[in-house]
Structure formats: structure tokens, C-alpha cells
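Note sheet for the following structure.
The values are calculated or read from the model by the stated rules, or taken from the named source; none is laboratory data. Computed from a predicted model, the values in this text were never measured in an experiment. Neighbour counts run over all protein chains shown; Cβ positions are idealised from the backbone, glycine included. Protein only, heavy atoms only, side chains kept; ligands, DNA and RNA dropped before computing areas. Shrake-Rupley method; radii C 1.70, N 1.55, O 1.52, S 1.80 Å.
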Amino acid sequence: MRVLIISDIHANFAAFETVLTDAAGQWDIIWFLGDLVGYGPDPNECVAELKKHNHISLSGNHDQAVLGNLDIKLFNREANFAISWTQDVLTEESRAYLQAFSSKTVKEPFTLAHASPRYPVWEYIIDPGTAAENFDWFQTPYCFVGHTHVPVIFEERVSSRREIYMRAPFYMESGEPFVLGESRLIINPGSVGQPRDSDPRAAYALLDTEALMCMFRRVEYPVQVTQRRMEKFGMPRRLVERLAHGV
Ligand SMILES: [Fe+2]
């Protein structure tokens, strides 16, 4: 099975649409790792688009906040604004869709979690230490996570002691497929709608579950289209500008 792995669309329809076009014909199912809404101007459009495709979906912390399941005081001022705005514009249909998901699931030999296998709604796996603790919280060989908006692989190597290797994004720039080998891995495909690794291009991954091959991809999308819509809705300046810089 060929899987399009995407995370953190964040209501950025221009980015989502561009990823779908870029990956067209290369996947049979979407695994979406959560945060469909929040930050961006197109929550209902993104829900409607995802629903058109064969997919499974997880719930992210922004999705949970929009549904009223997380205290919005946990978020910073700009994120808070976007959550309230999304609550105002979200249709009943979109809300019902978002309500249907959990934040963690297993598709052997993969665990999928929005943030981390330990705390699926809210934990940032940004360093080998946090990754090391999380390898004890899933049983499958491999785990896909989102949430940090930064593409990365953490590899667990066990000999006399356990070591965690972090493969930085530049390793994946080539777009070369890599084989998922014997080591256990935590893999983050990055963010479609709000990348934070100083590269504004939308990020995603393609996975072949039989060959156990995975590939990281980046694609330019029309950032200004999303920015103009955010300005139209009076969204905070910082949220608009960060899309151009990938931060
Ligand atoms: Fe997110």
C-alpha cells in the first residue's frame, strides 16, 4: 500500500491542494496526523477536501481546542485568536467531522500519534532525550508523529546500551527514498500548512508499506494566496508573516 503521510495542515488550503497535486498518482490512502484546523483561513475547505479522499485521520491539539476539549489558555495569543476565529466560522458538518477522531492509532507495523506516543495530544519530540523516553510508549517498530512542524527521524539503536540518533532535515532534502530497517524509528513528515524549519515549502512524506520505503518531500505553494485570506479575516500579523519564512 502506498501512503501519503501528512500532518498539521492548519487550515491552509493552498498548501494542502498543492501537496495533493504534487503527490497525485503516488498514493492509495492518506494518513493524516492531526491539526487540520487552527492558524489558517480555510478550516471548512480543508475538512471538505480531506473528506473527499480515502484516508484515516488523527486529532491534534488545535482540533481539540476548537472543539472545546482543551483550555485555550494553553495556547499563545495568536494561536488563541485563530482558535476562537475557527470556532466562529466552523460549520456543524466540519465540527462533527473533527469530533470523530482520536489522537493515536496503530496500523501495523506503524503507530500513528499526533504529538507523541506518550502524550498523543501535546508533547514536542524535538530532541533525542524526549525521543528516547517515547520509544517505550509504542510497541510497533515504527511510529509517525507530527505536532512540531519539523521533519525529522529519530532512530533507536540498541547494543550494550540504547542510543538515539537524530537525522536532521538536510539529510532528507535529496528526496531519495530510504528503507525502514531493523532499528525502531520515530518519523515526523513535517507540516503541510505551517512549516517551522526555516523552509516555507509544504512538507509531506510518501510511504510504501510493503517495500518499507519512505521519502520526504517539499513543494512550493502560493503562500500569498493564504496570506491574503488571513489578512482579509484580520488574523494576527505574526501568523501571516511566519508562513513566508517557514518559522
Ligand atoms: Fe500543529
For the range 19-50, the count of residues that are away from the ligand (no atom under 16 Å from the Cβ) and either at pLDDT below 95 or in contact with a strand residue (DSSP E or B) (Cβ under 9 Å, 6 or more places away or on another chain) (or both) equals 9
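Here is a check on your reading of the model: is R184 at pLDDT below 95 and of a type outside the set (S, T, Y)? Quick ask: steps written out before the conclusion?
On the way: at pLDDT below 95: no; of a type outside the set (S, T, Y): yes.
The answer is no for R184.
Residue-by-condition table, conditions (1) open to solvent by less than 20 Å² (accessible area, probe 1.4 Å); (2) more than 16 Å from F13 (Cβ to Cβ):
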position: F178; (1), (2): yes, yes
position: N188; (1), (2): yes, yes
position: T209; (1), (2): no, yes
position: E220; (1), (2): no, no
position: R238; (1), (2): no, yes
position: V247; (1), (2): no, yes
If I ask for residues that are assigned to a helix (DSSP H, G or I) and touching a Leu at 6+ places or on another chain (Cβ under 8 Å), which ones from the range 214-247 would you list? V223, T226, Q227, M230
Of all residues making up the range 223-236, the number that are open to solvent by 20 Å² or more (accessible area, probe 1.4 Å) and touching a Phe, Trp or Tyr at 6+ places or on another chain (Cβ under 9 Å): 5
Any idea which residue in the range 34-70 is surrounded by the most Cβ atoms within 10 Å (Cβ to Cβ), counting only those that are polar (S, T, N, Q) and part of a helix (DSSP H, G or I)? N61
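Being buried (at least 21 other Cβ atoms within 10 Å of the Cβ) and touching a Gly at 6+ places or on another chain (Cβ under 8 Å), is that true of even one residue in the range 87-96? So that I can check it myself, show each step before the final result.
Initially, the range 87-96 is screened for residues buried (at least 21 other Cβ atoms within 10 Å of the Cβ), giving 94.
Imposing the further condition that a residue be touching a Gly at 6+ places or on another chain (Cβ under 8 Å) reduces the set to none.
Looking through the range 87-96, none of the residues is buried (at least 21 other Cβ atoms within 10 Å of the Cβ) and touching a Gly at 6+ places or on another chain (Cβ under 8 Å).
Would you check which residues across the range 71-85 are assigned to a loop (DSSP other than H, G, I, E, B) and within 14 Å of the ligand (Cβ to nearest atom) and list them? Give the steps one after another, and end with the answer.
At the first step, the residues of the range 71-85 found to be assigned to a loop (DSSP other than H, G, I, E, B) are 71, 75-76.
Passing the criteria: F75, N76.
Within the range 1-18, restricting attention to residues that are charged (D, E, K, R) and open to solvent by 10 Å² or more (accessible area, probe 1.4 Å), which residue is farthest from the ligand (Cβ to nearest atom)? Break it down stepwise before answering.
From the range 1-18, those charged (D, E, K, R) are 2, 8, 17; that's our starting set.
From what's left, open to solvent by 10 Å² or more (accessible area, probe 1.4 Å): 2, 17.
Details: R2: 25, E17: 19 Å.
For the range 1-18, the residue satisfying everything is R2.
Out of the residues in the range 89-144 meeting the condition of being hydroxyl-bearing (S, T, Y) and more than 19 Å from the chain's Cα centre (by Cα), tell me which one is farthest from E155 (Cα to Cα). Quick ask: steps written out before the conclusion?
We begin by selecting, within the range 89-144, every residue hydroxyl-bearing (S, T, Y); these are 91, 94, 97, 102-103, 105, 111, 116, 119, 124, 130, 140, 142.
So of that shortlist, the ones also more than 19 Å from the chain's Cα centre (by Cα) come out as 91, 140.
Details: T91: 41, T140: 13 Å.
Taking the candidates together, the pick is T91.
Are any of the residues in the range 155-175 open to solvent by less than 40 Å² (accessible area, probe 1.4 Å) and within 16 Å of the ligand (Cβ to nearest atom)?
Keep residues of the range 155-175 that are open to solvent by less than 40 Å² (accessible area, probe 1.4 Å), which gives 155-156, 164, 168, 172, 175.
Still in the list and also within 16 Å of the ligand (Cβ to nearest atom): none.
No: zero hits.
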